[in-house]
């Protein structure tokens, strides 16, 4: 596959890229021509960037609406309020088999240009057919909710795995103290990846390999987010969405929320989605460079935008193509002519914010199956088979 005339995000320099098998084979300022390559695509007013790495999501929790109507002191207070006041809403979603819920979680990410998602919780049992589902870590929920967390944390048979754990998700002494408990009981000195870290101090951040910033979720629950402008000096900052229980399905809205805070520079926020995450999770992606996995997204820029602004003003409707491991997983209807030789029999046609996309897999069929269990399930996409409620 050859991609001609795309600008690498943040540089505004047009390049041409060759993909061979599942890797980036070359990145060149010169047009690449190959009479034997069936896929030679040309673009205009388009940027390319590494497929987004969502470092925190619960794949099976993305059919819930946002639940909660208070500003909470911490996640335990929210959890108690949730189970007391939203029993029927929770029960409706739990009727849906967990595999179907997780499959939707994958599509939710793919539709936004995420090519790798770190799933927090039990192993999903899904294959990496559409995007990479990263589960090569030890997931602990939290100090408050994970039973026997001290024993699990110090399991010597999982010594080589990073530990991903919700920590400091609150604005009170309890949230601050649980961070001290966690680091004090990390007897085997495992690499910790803390999620949320709203209550975290700079000194505490030094004990973490990385921190996953989920600002939209934080503001919804706590009306406050992590002080990443300070924590970034001591730990790698990654980016996560969490699930629709506490945030919007669309990662681009999360990024726009994050940008408005001014806590990270544009380049720092951009790196949290690619290079920082790839380094933390030991992925061969996160860059548009020779030898890297061909996980890339091409998007149509909005008129008058340049540099990082052209990236942060995107939405799922602007994505022209999502490539994962060298395979096209999603493309915009405008590319149909250039992809005339491609077999699209296993792609389905959907509409996102009015834009027509072709996505690999039977997404309309999945939505129909989900509605058999939960007729009121709401989706941010529509198709010929599925009408939005």
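Quick one: is residue 165 assigned to a strand (DSSP E or B), assigned by TED's automatic domain parsing to the domain that holds residue 253 and either touching a helix residue (DSSP H, G or I) at 6+ places or on another chain (Cβ under 8 Å) or modelled with pLDDT of 95 or more (or both)?
yes
Just to be sure I understand, how many residues within region 123-161 are touching a strand residue (DSSP E or B) at 6+ places or on another chain (Cβ under 9 Å) and either surrounded by 13 or more Cβ atoms within 10 Å (Cβ to Cβ) or assigned to a helix (DSSP H, G or I) (or both)?
25
Given (1) crowded, with 17+ Cβ neighbours inside 10 Å; (2) under 19 Å from the mean Cα position of the chain (by Cα); (3) farther than 27 Å from residue 265 by Cα, where does residue 312 come up short, assuming only one miss?
Condition not satisfied by residue 312: (3).
Which residue is nearest to residue 284 (Cα to Cα), if the candidates are limited to region 329-338 and must be crowded, with 17+ Cβ neighbours inside 10 Å and in contact (Cβ under 8 Å) with a residue 60 or more places away in the chain? I'd like the intermediate steps shown before the answer.
Filtering region 329-338 for residues crowded, with 17+ Cβ neighbours inside 10 Å gives 329-332, 335.
Then keep just the ones that are in contact (Cβ under 8 Å) with a residue 60 or more places away in the chain; that gives 329-330, 335.
Working: 329: 19, 330: 21, 335: 28 Å.
So the residue we want is 329.
Looking at region 354-371, can you tell me whether even one residue there is modelled with pLDDT under 95 and not assigned by TED's automatic domain parsing to the domain that holds residue 114?
First, the residues of region 354-371 that are modelled with pLDDT under 95: 354.
Still in the list and also not assigned by TED's automatic domain parsing to the domain that holds residue 114: 354.
Yes, some residue in region 354-371 is modelled with pLDDT under 95 and not assigned by TED's automatic domain parsing to the domain that holds residue 114.
Within the group 302, 357, 325, which residue is surrounded by fewer than 21 Cβ atoms within 10 Å (Cβ to Cβ) and over 18 Å from the mean Cα position of the chain (by Cα)?
Working: 357 fails: surrounded by fewer than 21 Cβ atoms within 10 Å (Cβ to Cβ); 325 fails: over 18 Å from the mean Cα position of the chain (by Cα).
None of the others qualify; the one that does is 302.
Looking at 114, 167, can you tell me which residue is under 24 Å from residue 270 (Cα atoms), in contact (Cβ under 8 Å) with a residue 40 or more places away in the chain and under 22 Å from the mean Cα position of the chain (by Cα)?
Step by step, each of 114, 167 is checked, and only 114 is under 24 Å from residue 270 (Cα atoms), in contact (Cβ under 8 Å) with a residue 40 or more places away in the chain and under 22 Å from the mean Cα position of the chain (by Cα).
Within region 66-74, is even one residue over 19 Å from residue 224 (Cα atoms), in contact with a helix residue (DSSP H, G or I) (Cβ under 9 Å, 6 or more places away or on another chain) and modelled with pLDDT of 95 or more? Full working, then the answer.
First pass over region 66-74, keeping only residues over 19 Å from residue 224 (Cα atoms): none.
Looking through region 66-74, none of the residues is over 19 Å from residue 224 (Cα atoms), in contact with a helix residue (DSSP H, G or I) (Cβ under 9 Å, 6 or more places away or on another chain) and modelled with pLDDT of 95 or more.
Counting just the residues of region 193-203 that are touching a helix residue (DSSP H, G or I) at 6+ places or on another chain (Cβ under 9 Å) and buried (at least 22 other Cβ atoms within 10 Å of the Cβ), which one comes out nearest to residue 137 (Cα to Cα)? Outline the logic, then answer.
Taking region 193-203 as the starting set, the residues that turn out to be touching a helix residue (DSSP H, G or I) at 6+ places or on another chain (Cβ under 9 Å) are 193-194, 196-202.
From what's left, buried (at least 22 other Cβ atoms within 10 Å of the Cβ): 193-194, 196-200.
Details: 193: 10, 194: 12, 196: 17, 197: 19, 198: 22, 199: 24, 200: 22 Å.
Per the stated criteria, the residue is 193.
Does region 170-191 hold any residues that are buried (at least 24 other Cβ atoms within 10 Å of the Cβ) and outside any helix (DSSP H, G or I), and which are they?
170
Restricting attention to region 17-33, does a residue exist that is buried (at least 19 other Cβ atoms within 10 Å of the Cβ), under 19 Å from residue 321 (Cα atoms) and free of Cβ contacts under 8 Å to residues at least 40 places away in the same chain?
So far as region 17-33 goes, yes, one or more of its residues are buried (at least 19 other Cβ atoms within 10 Å of the Cβ), under 19 Å from residue 321 (Cα atoms) and free of Cβ contacts under 8 Å to residues at least 40 places away in the same chain.
I need a count of the residues in region 251-263 that are in a loop (DSSP other than H, G, I, E, B) and out of contact with any helix residue (DSSP H, G or I) (no Cβ under 6 Å at 6 or more places or on another chain).
Going residue by residue through region 251-263, those that are in a loop (DSSP other than H, G, I, E, B) are 262-263.
With the extra rule that they be out of contact with any helix residue (DSSP H, G or I) (no Cβ under 6 Å at 6 or more places or on another chain), the set shrinks to 262.
Looking only at that region, the number is 1.
Any residue in region 76-95 that is exposed (fewer than 15 other Cβ atoms within 10 Å of the Cβ) sitting within a Cβ distance under 7 Å of a residue that is outside any helix (DSSP H, G or I) and modelled with pLDDT under 95? List the pairs, counting only those 6 or more apart or interchain.
none
The values are calculated or read from the model by the stated rules, or taken from the named source; none is laboratory data. Keep in mind that this is a model prediction, so the values were computed, not measured. Because the Cβ atoms are built from the backbone with ideal geometry, glycine has one as well, and the counts that use them run over all protein chains shown.
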